[in-house]
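As structure tokens, the structure follows; a few thoughts come after it.
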Amino acid sequence: MNRITSPQAIKAVLEVRREHGTPFYFYDTRILHERCEEMLAMPSAYGLTVRYAMKANSNRSILKLIHSYGIKMDASSVNEALRAVMAGVPASDIMLTSQELPVGENLTNLKNLMKNGMKYNVCSLRQLYNIGDFVSEQGFSLSVRMHPGTGSGESATRNTGDKYSCFGVHLSDVDDLNRYAKGKGIAFTEVHVHIGSGGDPAAWKENIDREIDIIDTYFPDATSVSFGGGLKVARMPDEIGAEVRALGDYAARALIAFHDRTGRKLRMEVEPGTYIVAQCGYAVTTCMDTKQTGEDGLNFLITDGGLEINSRPLMYGSRHPFYVFGSDGVLISSEETVSDEFCAAVVGKCCESGDCQTLDSEGRSEARPIGRAEAGDVVCIGGVGAYCSSMTPFNYNSHTQVPEFLYDGTKTKMVRKRQTLEQIVENEI
Ligand SMILES: *Cc1c(COP(=O)(O)O)cnc(C)c1O
């Protein structure tokens with residue numbers, strides 16, 4: 001999987017660095033393609049729709065590419081849905097699952113998107129009341145996101161299903177939900193649950209059964225079920241990723257059993273974000289400086305890109321692999337070749353002690369085995385295709401948003417330019 005260390009990829013990275021400087025994001029579209037194919041081959045009983053959760057990485061070129069494989073979109077806001085449309089995705093290939101309550105222009109945009117075929121997945125009673133008359137007039141149907149009561153995420157901040165997070169309509173509100181919808185003649189043709197990001201695959205499996213039971217008990221009109229996203233990716237060698245095929249087999253068996261019991265065939269939807277894009281992305285930085293903090297201290301590699309291009313270590317305690325090579329293209333270390341002869345913390349250039357790619361569970365910098373990089377060497381951070389470019393506080397310390405490149409094994413293409421300082425201040429009055 002790790003193709004960044006192939007001589008051709010190293011050469012391509014160094015060429016981009018020569019021309020555009022660092023830091024930048026570098027996406028290997030071969031890995032993206034493999035992940036899309038794997039998701040599209042997920043077993044299901046009565047048809048499968050894969051939706052890409054576009055908040056993971058919403059670059060237009062990436063959206064276009066993923067959509068070209070036959071994958072639809074899951075948008076997290078009206079603006080995201082509009083952004084997908086701007087990338088050429090028809091509204092009918094988008095589902096909106098959002099915490100926002102659209103008002104004003106946003107509500108107008110939502111209605112227009114729905115008229116063009118976008119599916120709206122209401123996530124609260126108020127969202128339903130907000131759109132009910134319109135849906136009823138237009139004769140549309142809706143999807144509903146249910147709160148499953150239990151969830152699982154890679155950290156507590158990514159659990160979206162337990163009582164500490166408020167995504168979806170809680171079961172204690174389902175009677176009000178159904179009474180209102182019935183009064184307006186609105187059918188819920190799809191039921192959706194998303195339990196969290198990168199959680200325990202066993203919890204993902206349990207949710208399949210729980211959600212089918214919810215449909216059985218409360219949603220007689222449902223013809224589709226969405227099991228959400230959250231499929232875990234193993235970024236580090238000691239992590240275990242979700243097994244898409246096995247989860248699909250389990251879901252297919254559950255859907256067939258449901259059909260045998262009730263005569264109802266449910267189409268299956270899944271919404272991976274991370275699973276599709278995480279592994280294809282690398283953040284390419286240059287080691288600018290090295291320091292140490294005394295005899296009982298740590299070695300530090302100071303790079304020109306840190307939390308403003310990958311805040312996942314600070315936000316979630318995530319670990320990412322590193323690939324280090326010299327300006328001459330000689331590989332110094334990668335996750336396969338690293339030895340603990342030299343350990344260092346990898347920090348960025350923000351004035352923030354949490355600007356470290358190697359934080360321990362307490363939030364302190366931790367030295368990890370890494371190649372002995374010198375100033376001028378390249379330090380690539382792996383596994384940054386998801387929730388990095390789309391989520392980082394990139395203007396913090398007035399650093400500019402960094403460019404993005406797609407690499408297909410032969411050619412490299414710029415798909416986003418570097419932001420300028422003028423663009424940071426352009427809206428200030
Ligand atoms: C974020 C999100 C996803 C994707 O989660 P991943 O962990 O990136 O797969 C899927 N569905 C919904 C509703 C989401 O909010």
- Message: Here's a check for you: in the range 269-286, which residue that is within 14 Å of the ligand (Cβ to nearest atom) and either modelled with pLDDT under 95 or in a strand (DSSP E or B) (or both) is nearest to D28 (Cα to Cα)?
- Response: G281
- Query: Which residues, taken from the range 86-127, are surrounded by fewer than 20 Cβ atoms within 10 Å (Cβ to Cβ) and among the β-branched types (V, I, T)?
  - Reply: V103, T108
- Message: Being under 17 Å from the mean Cα position of the chain (by Cα), among the basic types (K, R) and within 16 Å of the ligand (Cβ to nearest atom): is that true of K232 here?
- Response: yes
- Would you be able to tell me the number of residues in the range 142-181 that are within 22 Å of P102 (Cβ to Cβ) and either surrounded by fewer than 17 Cβ atoms within 10 Å (Cβ to Cβ) or within 16 Å of the ligand (Cβ to nearest atom) (or both)? 16
- Have a look at E80, E38 and point out the one that is touching a residue at least 12 places away in the same chain (Cβ under 8 Å), within 16 Å of the chain's Cα centre (by Cα) and either over 28 Å from I4 (Cα atoms) or assigned to a helix (DSSP H, G or I) (or both). E80
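Within the range 245-268, how many residues turn out to be hydroxyl-bearing (S, T, Y) and within 16 Å of the ligand (Cβ to nearest atom)?
Result for the range 245-268: 0.
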- Task: Kindly check whether there is at least one residue in the range 4-25 that is without any contact (Cβ under 8 Å) to a residue 40 or more places away in the chain and in contact with a Phe, Trp or Tyr (Cβ under 9 Å, 6 or more places away or on another chain).
- Result: no
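So that you can scan it fast, the table gives a plain yes or no per residue for (1) free of Cβ contacts under 8 Å to residues at least 24 places away in the same chain; (2) touching a Cys at 6+ places or on another chain (Cβ under 6 Å); (3) among the small types (G, A, S); (4) not in a loop (DSSP other than H, G, I, E, B):
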{"residue": "D296", "(1), (2), (3), (4)": "yes, no, no, no"}
{"residue": "H320", "(1), (2), (3), (4)": "no, no, no, no"}
{"residue": "V324", "(1), (2), (3), (4)": "no, no, no, yes"}
{"residue": "A344", "(1), (2), (3), (4)": "no, no, yes, yes"}
{"residue": "R372", "(1), (2), (3), (4)": "no, no, no, no"}
{"residue": "G376", "(1), (2), (3), (4)": "no, no, yes, no"}
{"residue": "C380", "(1), (2), (3), (4)": "no, no, no, yes"}
- Which ones in the range 346-362 are out of contact with any strand residue (DSSP E or B) (no Cβ under 6 Å at 6 or more places or on another chain) and either without any contact (Cβ under 8 Å) to a residue 24 or more places away in the chain or part of a strand (DSSP E or B) (or both)? S353, L359, D360, E362
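The values are calculated or read from the model by the stated rules, or taken from the named source; none is laboratory data. As the structure is a prediction and not an experimental result, all values here were calculated from the model. Note that we place each Cβ from the backbone using ideal geometry, even for glycine, and neighbour counts take in every protein chain shown.
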